[in-house]
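To keep things clear, I will list the structure first and then write my remarks on it.
Read-outs throughout are calculated quantities, based only on the coordinates presented, and are distinct from any laboratory measurement. Bear in mind that the values here come from a model prediction, so they are computed numbers and not experimental data. Ideal geometry is used to build each Cβ from the backbone, glycine not excepted, and the neighbour counts take in all protein chains shown.
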Amino acid sequence: MRTGSLLMGLLSLVCALGVLAAEPIDIKFSHVVAADTPKGKAAERFAQLAKDKTQGRVKVTVYPNSTLYKDKEEMEALQLGAVQMLAPSLAKFGPLGVKEFEVFDLPYLFDGYEQLHKVTGGPVGKALLDKLADKGVLGLAYWDNGFKVMSANKPLKVPKDFRGQKMRIQSSKVLDAQMRALGANPQVMAFSEVYQALQTGVVDGTENPPSNLYTQKMHEVQKYVTLSDHGYLGYAVIVNKAFWEGLPPDIRGALEEAMAEATVYANEIAKQENEESLAKVKESGKSELITLTPEQKTEWKKALAPVHRKMADRVGKDLIQSIYEATGSDISKL
Ligand code: LMR
């Protein structure tokens, strides 16, 4: 009898351990954009790769479109461990205390993806990610989105067209300075609130890569979209440090592999996703696309070049210089 119940007890313990062992490690990956964007697709790809490479021992659940948290809240949630993974835009690290990431917001800092990758794929990009560790966060990768367009209900062709326009920006002091240099009135706002703010006239216009503009339907409430390519928007994929370092090494290794593959994918699709979104905006006929003449573009650059000097104290003069050196271009010389 006693042996029987001992055996039964052992059996249920073994079963319970079995269940425990089979219980996957949960990773909540929260982000603010649509699933059908470069970031949304890359997050899903990472989730699939993580499952495959860990034989189901890790379950990544992606929460797109601010369904879990808005911009500011998601950073706090990551630090508190309520979510494990995010990919905020590089413009949103100021509130976390790593304002150097705002360097990526400097207007016309990069000529295109090739120049950008010299930074995100090189020592400067790595050193920036390393700064996050002090904040209880680890930077795993850079994911591209793309180069921004400006939108409004009036055509924005030259800097004087911005005068008095209320323009929504992300929480970056560099973007604030950029809009002021154009004569606009910048307003910081969470991404999830932009469509409604544009629709109701709380703000007049905004900036974003075409993939964000299109998937949030902003073009339906903006009459004009200027193809200015005046700045870059991309992401740092970040995780809660304590969570990541507490993972079994084999699991962490598999997730690092999954991240490396998802990053290649993210950076492969970003340009095309933006081109397709722009084509769809055009097709919709809801916004008129404005292509700048070379003379107009020069006016934009002249108005915006001083932002580089003005923001040197905030983001770091040496950091800006190291980016000029890595890319071989220096707009501040204009
Ligand atoms: C924005 O707030 O405009 C963007 O950062 C959204 C995003 O994550 O691409």
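Karplus-based coupling profile of the stretch 199-214, in residue order and whole Hz: 5, 8, x, 4, 10, 8, x, 6, 9, 5, x, x, 4, 6, 4, 5, with θ = phi - 60° in 6.51 cos²θ - 1.76 cosθ + 1.60 and x standing for Gly or Pro. Subtracting the Cα-Cα distance of Lys297 and Tyr324 from 0.36 nm times their residue separation leaves 7.7 nm of extension gain. Counting every other Cβ atom within 10 Å of each residue's Cβ, Thr37, Thr293, Thr215 order from fewest to most as Thr293, Thr215, Thr37.
A simple spin-label model places pseudo-atoms 7 Å from Cα toward Cβ; at Glu257 and Lys317 they are separated by 4.8 nm.
Among 138-150, 163-175, sorting by the average number of other beta carbon atoms lying within 10 angstrom of each residue, highest first, gives 138-150, 163-175. In the chain, the inverse of the mean reciprocal separation of distinct Cα atoms equals 21.1 Å; this is its Kirkwood hydrodynamic radius.
A compact globular protein would have a Cα radius of gyration near 2.2 N^0.38 Å; the ratio found for the stretch 134-270 is 1.28. Calculate I(q)/I(0) for the stretch 182-334 by the Debye formula, one identical point scatterer on each C-alpha and no solvent, and give its log10 at q = 0.11, 0.17, 0.20, 0.21 Å⁻¹ to two decimals. Rounded to two decimals, the profile gives -0.66, -1.23, -1.33, -1.35.
With a cut-off of 14 Å on the backbone N, the residues of the stretch 296-318 near the modelled label site 7 Å out from Lys135 along Cα-Cβ are 315.
In terms of Cα atoms, the Rg and Dmax of the stretch 43-84 work out to 11.9, 34 Å. With the convex hull of its Cα atoms as the shape, the stretch 149-208 has an orientation-averaged projected area of 3.6 nm². Cβ crowding within 10 Å ranks His219, His117 as His117, His219, fewest other Cβ atoms first. Gyration tensor analysis over the Cα atoms of the stretch 181-237 returns equivalent ellipsoid semi-axes of 17, 15, 13 Å (largest first, whole Å).
Taking the Cα atoms of the stretch 116-178, the ratio Rg/Rh between the radius of gyration and the Kirkwood radius comes to 1.11. How are the alpha carbon pair distances in the stretch 19-126 distributed across 10 Å bins from zero to the largest one, expressed in percent? P(r) over the stretch 19-126, rounded to whole percents: 13, 34, 36, 14, 2, 0. Take each peptide in 80-91, 251-262, count the other Cβ atoms within 10 Å of every residue, and average; sorted highest first, the result is 80-91, 251-262. For the chain, build the charge dipole from Cβ charges (+1 Lys, Arg; -1 Asp, Glu) around the Cα centre, then report which of Tyr232, Ala50, Met85 sits farthest towards its positive end. My answer, from the dipole projection, is Tyr232. Pairs from the list Lys59/Lys148; Lys53/Lys271; Lys70/Lys131; Lys53/Lys131; Lys39/Lys280 with a Cα-Cα gap above 25 Å: Lys59/Lys148; Lys53/Lys271; Lys53/Lys131. Summarised in one figure, the compactness ratio Rg/Rh of the stretch 218-277, Cα atoms and Kirkwood Rh, is 1.18.
Taking the Cα centre of the stretch 145-284 as origin and assigning +1 to Lys and Arg Cβ atoms and -1 to Asp and Glu Cβ atoms, the resulting dipole is close to 960 debye.
When both the stretch 255-273 and the stretch 200-250 are represented by their alpha-carbon centers, they are found 16 Å apart. Rounded to the nearest 20, the Cβ-based charge dipole of the chain about its Cα centre (Lys and Arg +1, Asp and Glu -1) stands at 720 debye. Each peptide among 26-34, 284-292 gets the average number of other Cβ atoms lying within 10 Å of its residues, and from highest to lowest they stand as 26-34, 284-292. Couplings 3J(HN,Hα) for the stretch 112-120, derived from phi with the Karplus relation 6.51 cos²θ - 1.76 cosθ + 1.60 (θ = phi - 60°), are x, 4, 5, 5, 4, 5, 5, 8, 5 Hz, where x marks Gly and Pro. Dividing the summed helix terms, -39500 (n - 2.57) for each DSSP H run of n ≥ 4, by the number of residues in the chain produces a 222 nm estimate of -14500 deg cm²/dmol to the nearest 500.
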